[in-house]
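As structure tokens, the structure follows; a few thoughts come after it.
Just so you know, all these numbers are worked out from the coordinates, no wet-lab data involved. Because the structure is predicted, anything quoted here is derived from the model rather than measured. Every residue, glycine among them, receives a Cβ derived from its backbone with ideal geometry; neighbour counts consider all protein chains shown.
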Amino acid sequence: MSLVAVFLLLLFYYRLLEKGEKQVLGTTDTKVRLNTKKCQSGYDGIDYQYKIGLDGIKDLDFEEKNPNTAKKPKSIVEIKGKGGMISGSINPVHYLRADNRKPFGIVDAIKLEILRNDVLEYLKTRLKKQLQDKYSDEYIRKLRITRIEVNITLPCVGKATPSQMTHLFDMALDRTKVYRKRKKGSKCEKDNTGIGYERQHYHVLKLYDKSDDFERQEIPLAQGIFRLEIAFIDKTLNALFGEDGRTIENILSSKSLDILCCEYKRVLEEELIEQQIKPYLTNCVTTLYESLRWSDSGKQISDTVMRHKEIIVDIECFRRALHKWYKKRQEKDPTVKDRTDEIIYKYRKKELGLPEDVLKTLKKFHIAAG
């Protein structure tokens, strides 16, 4: 490569970084560009483990925690020993804050080196205490990260609610696990509070009403807070870091945080929005349109809403179906007036429970992913 080519390449990367953008390879070898100035994702919980094959260790049974404050303490590090297995968790957020209202993000990365040193020192001290003469620094180096949770937590836009956001993902994804609870003041009705979804060996999704969680913890916060969390496991961690790179020392670094935020964005963009949500929205509009077109009841609109209310994850789906229906009718009769806006206004005024601003909230999360 000529000196001119090298210079141009370096200049390109300098300008890229100057804009606050980075490119990292995701698990599908797709280059994802991360705008670090807009990125609001970051670490939540990190799990680790290692099996020690030593005589006399199998009977060891202990659990210790390193809290961050004396008042309402939250653990920064937890370590357990049972049956020869050393395992535990690290919560970077609790190193900085008393709660996890927002994750340990790129803006906090300056603290990662101090956090890493404190975590390693704590683990070393506790293992020495428990293993005594059987202790070796090699055990710390061989601890392997098994799960890393990355999330974005934001308030919903406009009239959207966390329950409606949960419903969107529940309808778009296959084989979900739905969590529900009784509505306040109701003896019969329930709201969705969250869903779980797993792409086996790659990641686990947790999407839920975080304001509900804060309420249980007695944390004062406005309602309508939604969390979109992706827990990276097995094959994804190996693809991003390699088996030997899944160490505490390597994962608690700004480079690894950048990589994980990029992977979070890739999964949100490619696997959730492009591969799941967009096709679902298209199918939803088609289903509503077909219902409007083929109904001969004379009450096509109200019948369609009643019949397919569950699949309408945002009133915009209904709007698009109505536009399509009126356009088709106008092909046969040009005098037919498109009354879509009038009908949408009527349904909004009646407050029939059709979700609104759900897609705007999804867009807000997409932007916040960087």
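Data table
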| quantity | calculated |
| --- | --- |
| Ascending count of other beta-carbon atoms within 10 Å, so fewest first, for 297, 89, 75 | 297, 75, 89 |
| Globularity ratio of the chain, using Cα Rg and 2.2 N^0.38 Å | 1.21 |
| Neighbour-count ranking [beta-carbon atoms within 10 angstrom, fewest first] of 188, 156 | 188, 156 |
| Residue 328 versus residue 302: modelled label distance in nm, points set 7 Å from Cα along the beta carbon direction | 2.2 |
| Förster-model FRET efficiency, 45 Å R0, residue 134 and residue 177, C-beta, rounded to 0.05 | 0.65 |
| Charge dipole of the chain about the Cα centre (unit charges at C-beta), most positive-ward option of 152, 112, 87 | 152 |
| Debye log10 I(q)/I(0) at q = 0.17 Å⁻¹ for the stretch 138-263, Cα point scatterers | -0.94 |
| Value of [θ]222 nm, deg cm²/dmol, for the chain, DSSP H segments ≥ 4, -39500 (n - 2.57) each, nearest 500 | -13000 deg cm²/dmol |
| Calculated FRET efficiency for the pair residue 250/residue 360, C-beta based, R₀ 41 Å, to 0.05 | 0.60 |
| Net charge over other residues, Cβ less than 14 angstrom from the Cβ of residue 314 (K, R count +1; D, E count -1) | +4 |
| When the stretch 278-366 is reduced to its Cα atoms, the Kirkwood hydrodynamic radius in Å | 13.6 |
| Given the chain, longest segment not containing exposed loop GluC sites (Glu not before Pro) (DSSP; at most 12 other Cβ within 10 Å) | 1-188 |
| Potential extension, residue 274-residue 124 segment - 0.36 nm per residue separation minus Cα distance | 49.5 nm |
| Net charge over other residues, Cβ less than 14 angstrom from the Cβ of residue 268 (K, R count +1; D, E count -1) | +4 |
| Rel. contact order, % - alpha carbon contacts under 8 angstrom, at least six apart, the stretch 278-366 | 30 |
| Ascending count of other beta-carbon atoms within 10 Å, so fewest first, for 104, 365, 241, 62 | 62, 241, 365, 104 |
